[in-house]
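Input: a single structure, listed below in structure tokens.
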Amino acid sequence: MAQDHKILEESKNIKKKSDLGVRVLSAAVMLPAAVYIILKGEYSYLGLVIALSGLILFEWNNICEGKGVSLTFTMQCLIVLYAIISLYFYGVVNFIFLGIGALITIAVAFLNKNSAKWALIGLIYALIPAVSLLWLRSSSSDGGYIVLWAMIIVWSMDTGGYFAGKNIGGPKMAPKISPNKTWSGLAGGGILAMITGSAAAYYFEFGVSLWQIALISGFLAIWSQIGDLYESSLKRRFNVKDSGAIIPGHGGIMDRVDGVVFVIPLVAAMIFFKPF
């Protein structure tokens with residue numbers, strides 16, 4: 001029995017190393033592409049925002065309704081696409097149209113025997129980050145760097161949290177929502193995000209003092225974890241393990257951008273009220 005237990009543990013360790021290898025390989029492919037598109041902007045950035053929004057809505061409906069594509073999903077996509085195209089080409093979004101669209105989405109969800117509440121929340125969950133990503137990128141000549149800086153904070157929080165949690169462990173942060181998250185992971189990710197966020201802001205010449213940017217980076221890192229926990233609570237509510245399997249070793253799009261969904265709108269608000 002002891003020998004069988006040892007073999008089982010060795011098998012688990014091999015699987016964990018294999019999973020980590022796949023995660024690293026996926027990240028090595030995706031990160032350079034993401035950085036290039038963010039800095040380049042133009043139609044490639046527009047396409048990325050549209051694609052992410054569509055995938056988020058697909059996975060959202062798959063989690064909440066057990067069916068990714070439906071009339072509700074189609075209506076959500078049309079509204080988000082309208083907002084993205086309007087903002088990108090004309091610089092404005094008609095909020096009356098958005099309100100009417102939201103009401104139609106609720107009606108369609110009801111007629112389609114979907115949850116109107118979750119259909120509306122899903123629409124907001126995809127719409128606000130999409131609009132924020134576009135507005136941030138076009139808000140100034142440094143828009144691409146601001147978006148990249150925010151992404152670096154989220155990526156650092158995820159990376160630092162993963163390795164600190166795995167190697168240090170300790171008390172769980174929210175065991176009923178996300179059993180694998182620890183306070184050491186939150187601390188490790190937050191510290192790494194403060195370091196990389198400050199370094200990136202200095203390199204991009206944002207003109208903000210390092211102690212201020214370090215505090216902002218730390219706050220945004222923690223806020224990104226709120227987004228992570230929200231997505232985890234959603235999956236737990238509907239008894240779903242992963243939002244999808246589109247990214248090898250990482251799961252679905254929502255599993256990767258849950259922090260971005262929360263951070264990007266907050267950064268957009270910060271820039272709007274007090275630009276760098």
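The values are calculated or read from the model by the stated rules, or taken from the named source; none is laboratory data. Note that the structure is a prediction, hence the values are computed from the model and not measured. Because the Cβ atoms are built from the backbone with ideal geometry, glycine has one as well, and the counts that use them run over all protein chains shown.
Exactly one residue out of 74, 159 is more than 30 Å from residue 204 (Cα to Cα), in a helix (DSSP H, G or I), out of contact with any Lys or Arg (no Cβ under 7 Å at 6 or more places or on another chain) and free of Cβ contacts under 8 Å to residues at least 40 places away in the same chain: that is 74. For segment 109-135, the tally of residues that are buried (at least 24 other Cβ atoms within 10 Å of the Cβ) and over 16 Å from the mean Cα position of the chain (by Cα) stands at 2. Can you find a residue in segment 102-122 that is in contact with a Leu (Cβ under 9 Å, 6 or more places away or on another chain), in contact (Cβ under 8 Å) with a residue 60 or more places away in the chain and part of a helix (DSSP H, G or I)? For segment 102-122, residues in contact with a Leu (Cβ under 9 Å, 6 or more places away or on another chain), in contact (Cβ under 8 Å) with a residue 60 or more places away in the chain and part of a helix (DSSP H, G or I): present. Only one entry of 110, 58, 89 meets the criterion of being farther than 23 Å from residue 268 by Cβ and at pLDDT 90 or above, and that entry is 58. More than 25 Å from residue 126 (Cβ to Cβ), in a helix (DSSP H, G or I) and not polar (S, T, N, Q) - does that describe any residue in segment 166-183? Yes, because at least one residue in segment 166-183 is more than 25 Å from residue 126 (Cβ to Cβ), in a helix (DSSP H, G or I) and not polar (S, T, N, Q).
Scan segment 184-235 for residues that are in a helix (DSSP H, G or I), under 18 Å from residue 267 (Cα atoms), free of Cβ contacts under 8 Å to residues at least 12 places away in the same chain and not hydrophobic (A, V, I, L, M, F, W, C) and the total you get is 2. All conditions in (1) within 22 Å of residue 253 (Cβ to Cβ); (2) in a helix (DSSP H, G or I); (3) modelled with pLDDT under 95; (4) of a type outside the set (Gly, Ala, Ser) hold for residue 125, with the sole exception of (3). For residue 230, the test of being touching a helix residue (DSSP H, G or I) at 6+ places or on another chain (Cβ under 8 Å), under 30 Å from residue 57 (Cβ atoms), of a type outside the set (S, T, N, Q) and surrounded by fewer than 18 Cβ atoms within 10 Å (Cβ to Cβ) is passed.
Checked against (1) modelled with pLDDT of 95 or more; (2) within 18 Å of residue 262 (Cβ to Cβ); (3) crowded, with 20+ Cβ neighbours inside 10 Å; (4) among the hydrophobic types (A, V, I, L, M, F, W, C), residue 222 meets all criteria but (3).
When the criteria are applied in full, residue 156 meets the requirement of being of a type in the set (S, T, N, Q), surrounded by 19 or more Cβ atoms within 10 Å (Cβ to Cβ) and within 20 Å of residue 266 (Cβ to Cβ).
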